[in-house]
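The values are calculated or read from the model by the stated rules, or taken from the named source; none is laboratory data. Everything numeric here is computed off the predicted structure, so don't read it as measured data. Note: ideal-geometry Cβ built from the backbone for every residue, glycine included; neighbour counts use all protein chains shown. Accessible surface areas use protein heavy atoms only, side chains included; no ligands, DNA or RNA. Shrake-Rupley method; radii C 1.70, N 1.55, O 1.52, S 1.80 Å.
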Amino acid sequence: NKKAFVELLFWKSPAIVCEMTKGYSSLQEGEGTTRSRVPPWTPQEEQELRELYWKYKEMEGGDIIAAILAHLPTPGRTRRQVVKQLVRM
């Protein structure tokens with residue numbers, strides 16, 4: 001690869017370096033950086049999140065995010081993911 005020297009100018013994780021040396025897409029699914037990826041929000045999940053937010057928005061003295069997490073139909077979402085998605089929306 002004639003342009004590999006450009007990639008050396010930027011910081012790389014061990015998984016990326018392994019991929020560069022063994023060939024791109026050599027990592028198996030669920031290995032290295034692919035494991036840390038968060039599944040994308042579906043339109044149905046976004047709609048449900050929006051509805052739950054409006055339902056619990058006026059809650060006084062309570063944790064809105066905890067209430068939303070307790071009522072989300074899709075388990076496995078973290079508090080951070082919910083907050084990030086709410087900010088994005």
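Taking the protein heavy atoms of the stretch 40-88 in the context of the full set of protein chains, the accessible area attributed to carbon and sulfur is 56 percent at 1.4 Å. Each label point was placed 7 Å from the Cα along the Cα-to-Cβ direction; for residue 86 and residue 10 their separation is 3.3 nm. Within the straight-line cut-off of under 22 Å between alpha carbons, the lysines reachable from residue 57 are 84, sequence neighbours fewer than 8 places apart in one chain being disregarded.
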